[in-house]
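The values are calculated or read from the model by the stated rules, or taken from the named source; none is laboratory data. The structure presented is a predicted model; accordingly, all values stated were derived computationally and were not measured. Cβ coordinates were reconstructed from backbone atoms using ideal geometry, including for glycine residues, and neighbour counts include every protein chain displayed.
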Amino acid sequence: MEDNTNWTPFPDDNLLEITDKNLINEYEAKGLAIAEFFVLEMDIETMISTSLILQIHQIAFGELYDWAGKWRTIQVMVGQIEPPAPNQILQQMYQFIDNLNFKISIAKTQEEHIECLVFAHYEFIKIHPFNNGNGRTGRILMNIVAMKYNYKPLKLYYRDGESRKNYIQAMKKADFGDYTHLIKLITEELSAF
């Protein structure tokens, strides 16, 4: 699964008119850390909703981008998958959230928890509801689900090295219905609080 959605090469593309890519990365990392802290402090009984997902995205990216916390308005291709058209995102997100909350409520075994984590992450990425930050927001969403089952947050991969390649390969295989590699990545990293 490759991602060809927006990124920020020009200063007018971010609210602070930052031109240094490393500085942009620092601001994004800071925003993500704040969003992750928000989730850690959240009542774990909080139901997952579209409002919560929009809020997390806004917290993570709002300091830099005007598209933060807003659904995607452009059509994109993500690897082999064409996510829904912008006018279908809200309906698909509601359906995804309903399915996710149902799966969370009925999953009892570790195997069912892992299936739910895979569903939370992959299906969110498949909808690709935002201009950018879908993978990072999808991992935060997956970690909300993990914490509901009393597991520690997962990373899935690190920015550098083989782990990112393994993650991308697992997502590409999931595009064709093979979730075994994504299940393996999640299983290997899963640990209880």
message: Exactly one condition in (1) modelled with pLDDT of 95 or more; (2) touching a Gly at 6+ places or on another chain (Cβ under 7 Å); (3) surrounded by fewer than 21 Cβ atoms within 10 Å (Cβ to Cβ); (4) not aliphatic (A, V, I, L, M) is false for residue 172; which is it?
response: (1)
statement: Going through region 167-177 in order, the residues found to be in contact with a Lys or Arg (Cβ under 9 Å, 6 or more places away or on another chain) and farther than 14 Å from residue 156 by Cα are 174, 175
query: Which of the residues spanning region 101-118 are in a helix (DSSP H, G or I), touching a helix residue (DSSP H, G or I) at 6+ places or on another chain (Cβ under 6 Å) and not β-branched (Val, Ile, Thr)?
result: 103, 116, 117
Those residues of region 166-185 which are aromatic (Phe, Trp, Tyr), over 14 Å from residue 119 (Cβ atoms) and not in a helix (DSSP H, G or I), in sequence order: 176
message: Name the residue that is nearest to the chain's Cα centre (by Cα), counting only residues in region 148-163 that are modelled with pLDDT of 85 or more and surrounded by fewer than 16 Cβ atoms within 10 Å (Cβ to Cβ).
response: 155
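For (1) under 15 Å from the mean Cα position of the chain (by Cα); (2) more than 29 Å from residue 169 (Cβ to Cβ); (3) at pLDDT 90 or above, each residue gets a yes or a no:
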site	(1), (2), (3)
6	no, no, no
12	no, yes, no
24	no, no, yes
36	yes, no, yes
50	yes, yes, yes
59	yes, yes, yes
- prompt: Failed condition for residue 188, given (1) out of contact with any strand residue (DSSP E or B) (no Cβ under 9 Å at 6 or more places or on another chain); (2) in contact (Cβ under 8 Å) with a residue 12 or more places away in the chain; (3) in a helix (DSSP H, G or I), with all others met?
  reply: (2)
message: Going by what's in this entry, would residue 118 be described as more than 25 Å from residue 62 (Cβ to Cβ) and β-branched (Val, Ile, Thr)?
response: yes
query: Is it the case that some residue within region 132-143 is touching a Ser or Thr at 6+ places or on another chain (Cβ under 9 Å) and among the hydrophobic types (A, V, I, L, M, F, W, C)?
result: no
Residues located in region 156-165, provided they are in a loop (DSSP other than H, G, I, E, B) and either acidic (Asp, Glu) or under 22 Å from residue 112 (Cβ atoms) (or both): 156, 160
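Yes or no, residue by residue, for (1) closer than 16 Å to residue 131 by Cβ; (2) surrounded by fewer than 16 Cβ atoms within 10 Å (Cβ to Cβ); (3) free of Cβ contacts under 8 Å to residues at least 12 places away in the same chain:
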{"position": "62", "(1), (2), (3)": "yes, no, no"}
{"position": "65", "(1), (2), (3)": "yes, no, no"}
{"position": "68", "(1), (2), (3)": "yes, no, no"}
{"position": "74", "(1), (2), (3)": "yes, yes, no"}
{"position": "88", "(1), (2), (3)": "yes, yes, yes"}
{"position": "93", "(1), (2), (3)": "yes, no, no"}
